[in-house]
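Working notes, structure below.
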Amino acid sequence: MKKTILTGIRPTGNLHIGHYFGACQNWLRLQDDYDFYLEIADVQALTDNFNNPEKVRKNIYEITTDILASGIDPNKVHIFLQSKIPEIAELTVFFSNLVTVARLQRNPTVKTEIAQKKELFGNDGESITYGFLGYPVSQAADIVAFDGELIPVGEDQTPLIEQCREIVRKFNSIYGETLKEPECMFTKNKRIKGLDGNDKMGKSLGNAIYLVDDENTINTKVMGAITDPNKIKKDDPANPDVCMVYYYHQLVNDEASCNTICEECKKGARGCVQCKRELITKMNEYLSSIKDRRRYYEEHPEEVQRILDEGTKMAREKAIEQLKKIKHAMKIDY
Ligand code: TRP
């Protein structure tokens, strides 16, 4: 029997190459060997976008199209929509009794996010909603509703998976051994830096290249990327290790070319403009099959809808079974 993998993504914006190298490539490696559930976490997205439902609605289709463009095979991965699985909401209610408010307030991921969302929640935290504070409980339900064993996530998600493990242990200690404790499965790929050298690539930082970006956009963005600030003239020697253009060459260019670029840069035998132009060509080549697939799905939105509907149908069957087992253990299987 294949082990079950579950992961989720909030539909709040398009996927950028940081997501592609950090997450999608990992999913691509896993899709053959596991029973893989990929949740479009629209309910979770609403916890901090409750005032902007159109944004979430639009991005469900954007992100599903991006995921398919990245090469995820819908015949291998069940891509499903969270809000269409009422069992997750039901399980969230049962789980909410197994976690204290104090514990949720101490959750490092939740704490960081609240600090970042001063606009939404205010400085004093008085406007933090019950739904937002409780989203780790809902995420635990996302996992357990599908009997998720392995959870491929970035390290920022560790406290959320740990919260799920605690809820599972509590459940099992009260209602008897029923649920599996999920484990994190970290990506080998490191987090991809932004065009400005920031450790994180993101929309709000304006330093990302998106899978939807056309050649002109990529051109403009790469031309604006940060290079060694000590290099003033075209033939000054420079340090490729502090150059974002070299950094991206290493992601999309072959090893021999990267070695040449590195040597030439150090010797002052390579101008930044030429180096950026070469990167633009390589980046476009690298993204071309992704772009082709994206274009296909953009032209066939009914197929994206069908894939989501079918993934959701399969996921729902699993969640219904799992909830039966859970309610039986809880003695509420009336
Ligand atoms: N919290 C995750 C994120 O922000 C998305 C997510 C929702 C998730 N449900 C999940 C991740 C279940 C792993 C498992 O990226």
Picking from 299, 303, the residue that is among the acidic types (Asp, Glu) and surrounded by 12 or more Cβ atoms within 10 Å (Cβ to Cβ) would be 303
Within the stretch 37-73, track down each residue that is closer than 16 Å to residue 211 by Cα and aromatic (Phe, Trp, Tyr). 61
Conditions (1) surrounded by fewer than 23 Cβ atoms within 10 Å (Cβ to Cβ); (2) part of a helix (DSSP H, G or I); (3) within 15 Å of the ligand (Cβ to nearest atom): number failed by residue 13: (2)
Which one of 327, 234 is modelled with pLDDT under 95, basic (Lys, Arg) and surrounded by fewer than 20 Cβ atoms within 10 Å (Cβ to Cβ)? 234
Exactly one of 62, 39, 54 is among the charged types (D, E, K, R), part of a helix (DSSP H, G or I) and touching a Gly at 6+ places or on another chain (Cβ under 8 Å), and that one is 62
Does the stretch 100-131 hold any residues that are within 16 Å of the ligand (Cβ to nearest atom) and outside any helix (DSSP H, G or I), and which are they? 107, 117
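Yes or no, residue by residue, for (1) of a type in the set (S, T, N, Q); (2) at negative phi; (3) in contact with a strand residue (DSSP E or B) (Cβ under 9 Å, 6 or more places away or on another chain):
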| site | (1), (2), (3) |
| --- | --- |
| 40 | no, yes, yes |
| 51 | yes, yes, no |
| 56 | no, yes, no |
| 86 | no, yes, no |
| 108 | no, yes, no |
| 136 | no, yes, no |
| 146 | no, yes, yes |
Determine if the stretch 44-66 includes at least one residue that is of a type in the set (Gly, Ala, Ser) and within 14 Å of the ligand (Cβ to nearest atom). yes
Across the stretch 123-133, the tally of residues that are farther than 24 Å from residue 42 by Cβ and surrounded by 12 or more Cβ atoms within 10 Å (Cβ to Cβ) stands at 1
Restricting attention to the stretch 132-151, which residues are near the ligand (Cβ under 8 Å from one of its atoms) and either part of a strand (DSSP E or B) or outside the structural domain of residue 21 (by TED's automatic domain parsing) (or both)? 151
I'd like to know if the stretch 208-217 contains one or more residues that are touching a residue at least 12 places away in the same chain (Cβ under 8 Å), assigned to a helix (DSSP H, G or I) and touching a Phe, Trp or Tyr at 6+ places or on another chain (Cβ under 9 Å). no
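The values are calculated or read from the model by the stated rules, or taken from the named source; none is laboratory data. Bear in mind that the values here come from a model prediction, so they are computed numbers and not experimental data. Cβ coordinates were reconstructed from backbone atoms using ideal geometry, including for glycine residues, and neighbour counts include every protein chain displayed.
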